There are 2 protein chains.
Amino acid sequence: MSTDDGLRKAGLRSTLPRLKIISVLENSEVRHMSAEDIYRHLIDSREEIGIATVYRVLTQFEQAGIVIRHNFEAGRAVYELNDESPHEHLICMSCGEIVEFEDSSLVQQLAKIASEHSFSLDNHSLYLYGHCQSCAH
Amino acid sequence: MSTDDGLRKAGLRSTLPRLKIISVLENSEVRHMSAEDIYRHLIDSREEIGIATVYRVLTQFEQAGIVIRHNFEAGRAVYELNDESPHEHLICMSCGEIVEFEDSSLVQQLAKIASEHSFSLDNHSLYLYGHCQSCAH
DNA sequence: GTATATGCAAAACTTTTGCATCCTT
DNA sequence: AAGGATGCAAAAGTTTTGCATATAC
């Protein structure tokens, strides 16, 4: 599916700023980026865009399921493209490396726990913080 | 152990602002409070304190293990007393109710996952978001 | 008495919003 | 042509910091 189609499917007009933002998320070597990261990346590439647009577009993308928003650290959200393969995150507190892993049994367990407390489960956030092998002391 | 001893053990002087903040966290009917919540609670009770002190003290308390900091929602941290009994949180997105649950096997699983990726695990954040029974539609 | 903590105000950051203009459809 | 999107600047919300004063030990 083209980026254009993806936007239309989400009920969003295909505009230049939106295409630019998706392109950054698709092509950057870093997978998790903040609004400011994306803005800087574009400005440094001599692409014109406003920071307010980046924030507005990311919010729309999140609601449309195009990106996933994370709060790895307080006070700054980061976004990654939603590739439809659910995964969790391991974060190295020294070098910032982020390892993604998938564990469906874990997710099933979360659903079971919610149901045991008479909760419907919409989503969850799970982040493991530690130190990767090269940063271990 | 008295509050005084707890502070001293953490290498913190026993000061009036610190005692006031602990008292709020111990006695408030709400278990998870933001810095602003604690500040307002004190001001409304005609206790003198500065908001900057609340932030500074909460940061020290977190580092000392006296409180645990959470980012249930982006942009605002909440704190709870660390009662030394590890638990996770279920959050109702309608009414804001927070249910705590304990699951040591889940935590063991997280440690196993980290080790499988050659990570040392320092801590984790796990929040389940959904709707409680009375808010389910 | 000395080092540390506090309070105030100002600053720093991230994110949101009002509004005039521009772009998609 | 019309509604939606953008960009700028200003505002809002949370958290941090500089500095003079007050407090704990």
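Read the figures in this text as sums done on the coordinates, not as results from a lab. Computed from a predicted structure; not experimentally measured. Here Cβ is always computed from backbone atoms with ideal geometry, including for glycine, and neighbour counts include all displayed protein chains.
Restricting region B:31-137 to trypsin sites (Lys or Arg not before Pro) that sit in a DSSP loop and have at most 12 other Cβ atoms within 10 Å of their own Cβ leaves B:Arg46.
Roughly how crowded by other chains is peptide A:90-96, in terms of the mean Cβ count from those chains within 10 Å of each of its Cβ atoms? Walk me through the numbers before you get to the answer.
On the way: counts 9, 4, 2, 4, 0, 0, 0.
That works out to 3 on average.
A label point on B:Glu36, set 7 Å along the Cα-to-Cβ line, lies at 2.0 nm from each of its counterparts in the other copies, closest listed first.
Take each residue of peptide B:129-136, count the partner chain Cβ atoms within 10 Å of its Cβ, and average: the result is 5.
Between region A:92-121 and region A:14-78, the alpha-carbon centres lie 25 Å apart.
Explain nothing, just the number: dipole magnitude of chain A about its Cα centre with +1 on each Lys and Arg Cβ and -1 on each Asp and Glu Cβ, in debye rounded to the nearest 20. Working shown, then result.
Values: 12 positive and 21 negative charges, 106 e Å.
Roughly 500 debye, rounded to the nearest 20.
The GNM of chain B, with springs linking C-alpha atoms under 10 angstrom apart, assigns the highest mean-square fluctuation among B:Ile22, B:Ile66, B:Ile51 to B:Ile51. Shortest first, B:Ala52 label-point distances to identical copies amount to 3.2 nm, with the label point at 7 Å from Cα along Cα→Cβ.
Out of B:Ile51, B:Leu25, B:Gln108, whose Cα points farthest toward the positive end of the dipole of the protein assembly as shown (charges: +1 Lys, Arg; -1 Asp, Glu; placed on Cβ)? Sorting the options by dipole projection puts first B:Ile51.
With chain A treated as a Gaussian network of Cα nodes joined by springs under 10 Å, which of A:Asp37, A:Asp83, A:Asp122 yields the largest mean-square fluctuation? Greatest mean-square fluctuation among the candidates belongs to A:Asp122.
If each residue's Cβ is checked for other Cβ atoms within 10 Å, how do A:Ser94, A:Ser120 rank with the fewest at the top?
Working: A:Ser94 12, A:Ser120 17.
The fewest-first ordering by Cβ neighbours comes to A:Ser94, A:Ser120.
Contact order for region A:40-137, expressed relative to its length and based on alpha carbon pairs under 8 Å spaced 6+ residues apart, stands at 21 percent.
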